[in-house]
Amino acid sequence: MIMPVELDLPKELTAVAAQFASVLRTNHVPTPLELPPLLKYTSHLNSIHDNIQAELDSLVSQIDSLQEKHELLTAAAAPYDAFSSAFRRFPPELLQVIFVHCLPETRNAVLHAKEAPLTLGRVCRRWRSIVENTPELWASLHIVPPNVSITGIPSPSDIVDAGGAGGADGGGNGEGEEELGRAGPLTQEAHTRSLNAARFAEKREVVSWWLGRSGTCPLSISFVWFGSDGDEEMRLCASLLDLLLPLAERWRRLEFQVPVKMFEFTGRGGKGRRSFGDLKPEDVPMLRHFNLTDNRSTFSETELPFAWPSCLGFLNSANIDEGGPQLSTLLLTFFSGGIRLPSTCYSVLRGLFLESNMGFFWATEPEMWDSLAQCTALESLTLKFPLSAPGGLAPHNHTDMWGNDGSGDSAGGGERRGRERRVTTLPMLESLCLDGDQSLGGAFQVTRTLAGLRCPRLRVLEVFGRTTGTPLDAEDGHGAGGSSNLNSEEAGDGSDVAAGDDLVMLDQDDDSPLPLTSQEPIHGILHLLTQSSHPPLQKLTLESVNLIGRELIKCLRLVEATLEELVVRDYAWRGPGSMAGLESEKQKHKMSAEDMLLCDLIAKREQVPSTSASSMAGPRTLCPNLTTFDASLSNAASQALFCDFVESRYPHPPKGVKRLKRVNCAFTAKAGAGVKKRAERLRKVGKVRRKGSPDVLGVDGESDEEGVEELHNDIRGDHGEEGVGGEPLDIQVTFHTPMPDEIIPSAWTGIEGV
């Protein structure tokens with residue numbers, strides 16, 4: 001604290017100050033008798049002021065001098081400090097460890113001067129020497145071939161040769177120009193070939209230099225080609241792949257985004273050179289990760305799935321004892337056709353990613369189950385089924401998805417016959433992602449695949465379908481498969497719940513559960529979770545999946561103790577939804593699936609006002625550990641229920657219910673009255689938590705006294721144990737208004753942020 005400064009004045013001057021204190025800052029004019037003492041007083045003050053100013057000037061001069069000396073000393077000491085720094089004395093072994101940690105963590109190193117390891121070698125001669133002698137820094141490389149020129153510009157020497165003497169001396173007699181016109185195209189083509197050859201020769205030299213410094217380290221290589229699949233391009237790119245062949249015994253991770261035919265062009269540089277097709281499984285003993293994306297090759301529908309290419313035959317190692325590759329991760333993506341899987345050792349496979357737009361990687365569904373049954377160590381599985389069904393595949397049987405005639409089966413119970421559905425157990429699987437159109441027929445279907453799996457350790461489940469707006473089996477009130485009990489959302493008399501309830505109550509010791517009679521993925525999920533004995537699921541993602549309210553709630557009840565993140569994206573337009581007239585539990589069955597979900601997600605307290613819409617929800621809070629909610633909801637969803645759900649879990653949820661951390665919701669509807677304000681107040685709570693200040697205004701710029709008091713209490717923690725130091729809510733709400741003719745609206749039009 002700065003103390004006030006008191007002036008040390010003689011008593012006679014102090015008396016003068018007291019004499020004139022009452023007339024200061026007035027219009028009083030000093031008399032001749034008052035003027036002499038007044039002038040003496042001001043003269044004394046000015047004298048003191050001048051002395052102090054002189055002293056200040058002296059001090060400023062001294063400070064400037066000292067500052068100048070300080071800067072000179074700093075500049076003089078800097079090189080000596082650097083010369084004697086501890087970092088300069090770091091042992092090379094420690095610097096090597098530090099340099100290795102400078103490499104990218106999620107991808108391979110690239111040939112760029114601003115990224116490690118090249119940027120490290122540009123610091124000083126010592127660092128360059130250490131970098132060049134650290135093999136681990138050169139054991140990963142991302143290769144992008146140069147662009148291949150289709151046409152080129154003739155060089156001056158080409159013009160001279162084509163134009164003759166007249167073109168050389170600049171005479172311009174016309175004869176040289178006429179000759180150039182005849183020879184120009186051939187000269188240009190030769191120049192283009194020469195230019196492409198020079199570019200790839202330079203690239204080969206750099207790649208060879210890079211890999212030559214990797215010593216004996218296991219290699220991680222990625223190779224991406226974005227050009228066409230012409231023979232000339234394939235030949236040039238294959239010359240880069242040839243550099244990898246002598247290092248095959250050190251391959252550990254291979255990632256290719258190239259046409260398969262590129263591998264067939266390897267080994268053509270001369271006699272005795274190996275090609276990819278010459279490699280045997282025993283030549284790649286260290287290979288653990290293989291990723292191939294082919295967006296160029298085309299296959300005939302009559303040949304799907306196409307045989308695994310012989311040029312990649314080194315992956316065919318079904319026996320560990322043979323000494324071949326023991327792949328832990330296999331990723332295959334074919335945009336234009338399917339291809340059969342290599343006969344690798346599936347028992348050690350930990351990650352499998354398969355995607356194809358036409359055909360798939362197995363000829364029949366039993367083939368798929370036979371392969372998956374061998375994957376006893378699989379931890380991550382992604383299957384992206386074709387978006388079109390080739391003509392050679394059998395049509396989907398809507399009556400019974402497992403090929404049974406359904407006679408003798410009853411959804412409500414009784415003796416069940418003809419249950420031949422196969423259930424495959426993946427004991428180590430933790431992440432499952434399925435993508436496909438549930439309305440397509442063919443050998444592979446999302447719902448059947450879900451219902452055919454048992455995954456007791458599943459933690460992440462992602463299902464991507466194709467929204468139709470109406471459940472496939474609920475059309476005309478009875479559905480294509482005659483299973484109205486599974487999908488009727490309008491009955492409301494209790495008869496429509498029987499089949500779903502029976503699915504949940506399946507005998508866990510029975511390996512032959514009910515035949516699946518619905519194409520909807522939600523039913524497949526229900527079978528999966530039931531068969532997996534309540535797996536510890538932490539994240540559930542449903543995108544473009546027709547939501548069937550009661551079945552969705554049943555799925556969530558099976559994993560409610562562990563679920564932390566729920567993602568539901570539904571872009572269907574179903575007509576206006578309303579909460580009016582919903583007074584009983586029976587009428588709740590007429591609610592949209594989104595409203596049923598939001599109702600059950602509302603955190604239950606000891607007393608819930610009967611006037612609140614949340615009173616229609618069940619007696620127990622659904623998913624009490626939920627911290628992340630990400631949804632794109634149709635216009636049938638109630639915006640008020642959404643706000644009730646968020647406010648019930650933030651900032652002060654009931655005991656036993658975790659606080660929300662992140663909420664992202666997009667409505668396919670216009671913003672309802674009051675919803676924007678409620679969402680804005682929730683966001684303000686988060687801002688107050690960050691800044692610690694309750695000085696906020698209402699949404700319309702007016703003072704929101706109630707909101708300010710609520711924020712005060714939130715900061716003090718008056719309402720709960722987590723009131724102080726809680727994590728702020730990250731909330732985002734948007735509204736999308738579809739065009740009149742837009743049945744399934746685009747996510748990029750009509751966005752209105754809150």
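Quick notes on this structure:
- Number of the exception - residue 227 against (1) of a type outside the set (Lys, Arg); (2) outside any helix (DSSP H, G or I); (3) without any contact (Cβ under 8 Å) to a residue 40 or more places away in the chain: (3)
- Filter pass, residue 235 being modelled with pLDDT of 90 or more, assigned to a strand (DSSP E or B) and open to solvent by 60 Å² or more (accessible area, probe 1.4 Å): no
- Being under 22 Å from residue 289 (Cα atoms) and either under 33 Å from the mean Cα position of the chain (by Cα) or modelled with pLDDT under 90 (or both) is a description that applies to residue 254.
- Condition met for residue 129 (of a type in the set (S, T, N, Q), surrounded by 10 or more Cβ atoms within 10 Å (Cβ to Cβ) and more than 28 Å from residue 252 (Cα to Cα)): no
Yes or no, residue by residue, for (1) assigned by the TED database to the domain that holds residue 462; (2) modelled with pLDDT of 95 or more; (3) over 28 Å from residue 652 (Cβ atoms); (4) assigned to a loop (DSSP other than H, G, I, E, B):
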residue: 581; (1), (2), (3), (4): no, no, yes, yes
residue: 584; (1), (2), (3), (4): no, no, yes, yes
residue: 589; (1), (2), (3), (4): no, no, yes, no
residue: 598; (1), (2), (3), (4): no, no, no, no
residue: 603; (1), (2), (3), (4): no, no, no, yes
residue: 622; (1), (2), (3), (4): no, no, no, yes
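- Subset of the stretch 635-662 (residues that are open to solvent by less than 10 Å² (accessible area, probe 1.4 Å), more than 22 Å from residue 592 (Cα to Cα) and among the β-branched types (Val, Ile, Thr)): none
The values are calculated or read from the model by the stated rules, or taken from the named source; none is laboratory data. All of these numbers come straight from a predicted model, not from anything done at the bench. With ideal geometry, Cβ positions are generated from the backbone for all residues, glycine too; neighbour counts draw on all protein chains shown. Keep in mind that these areas ignore ligands, DNA and RNA; they rest on the heavy atoms of the full protein, side chains included. Shrake-Rupley method; radii C 1.70, N 1.55, O 1.52, S 1.80 Å.
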